[in-house]
Amino acid sequence: MKRNEFFSAIGISAGMIFMAPVLSSCSKDITDPTNPGGGGNPGGGTGAVDFTLDLTSPTYAALNNNGGSIVKDNIIVARTAAGTFVALTSICSHQQYNPIAFESANNRFHCPNHGSNFGLDGAVINGPATSALKKYNVQLTGTNLRIYA
Ligand code: FES
């Protein structure tokens, strides 16, 4: 029995044989473009956000001062003028500009792309954005700041 006859006998066409590897590699290539670092998923996908920042690290030194901010995994973490921590998606809800910035003087988040402003709770202060930014939970334990959904 020839190979074609064998596959035909068991109900598999030649096209199916060649499709299997293609389908397999497609499933491996699926990524969440809003989550390139793997630790955040502010775009609304299914990935869970849960990471901890070591505030003694020079990388996060900006968070040791009121008004400072950093961006990690598409999340902006800011220390407000009052010294509390806030974490929001850094992707603007208008046209996905990334990252938005924290304006310590105004205690708000600003998108430089078209000028939308957002409050500390992520709510729109002024457009053109019409949707709030997703807010994440923060928990400070000693010098470790946990950001989680
Ligand atoms: S992309 Fe942010 S205001 Fe337009």
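The values are calculated or read from the model by the stated rules, or taken from the named source; none is laboratory data. Because the structure is predicted, anything quoted here is derived from the model rather than measured. The area values use the complete protein model at the heavy-atom level, side chains included, leaving out ligands, DNA and RNA. Shrake-Rupley method; radii C 1.70, N 1.55, O 1.52, S 1.80 Å.
Distant-in-sequence amide contacts of ARG108, defined by a placed amide H-H separation under 5 Å and a gap of 5 or more residues or a different chain, comprise GLU103. Taking the centroid of alpha carbons for each part, the stretch 127-145 and the stretch 46-79 are 10 Å apart. In order along the stretch 71-87, the Karplus-derived 3J(HN,Hα) couplings, from 6.51 cos²θ - 1.76 cosθ + 1.60 at θ = phi - 60°, round to 10, 9, 6, 6, 10, 9, 10, 10, 9, 6, 4, 8, x, 8, 9, 9, 10 Hz, and Gly and Pro are given as x. For the set SER90, SER69, the ranking by accessible area, highest first and with no ligand, DNA or RNA atoms included, is SER69, SER90 under a 1.4 Å probe. 3J(HN,Hα) along the stretch 53-66, derived from phi through the Karplus expression 6.51 cos²θ - 1.76 cosθ + 1.60 where θ = phi - 60°, amounts to 9, 8, 6, 7, 6, x, 4, 10, 4, 4, 7, 8, 10, 4 Hz, with x in place of Gly and Pro. Sequentially through the stretch 112-127, phi angles give Karplus couplings (6.51, -1.76, 1.60; θ = phi - 60°) of x, 5, 10, x, 5, 10, 10, x, 5, 8, x, 5, 5, 8, 8, x Hz, Gly and Pro residues having no value and appearing as x. Annotation: amide H-H contacts under 5 Å for SER90 (H modelled 1.01 Å from N, sequence separation of 5 or more, or interchain): ILE75, ILE76.
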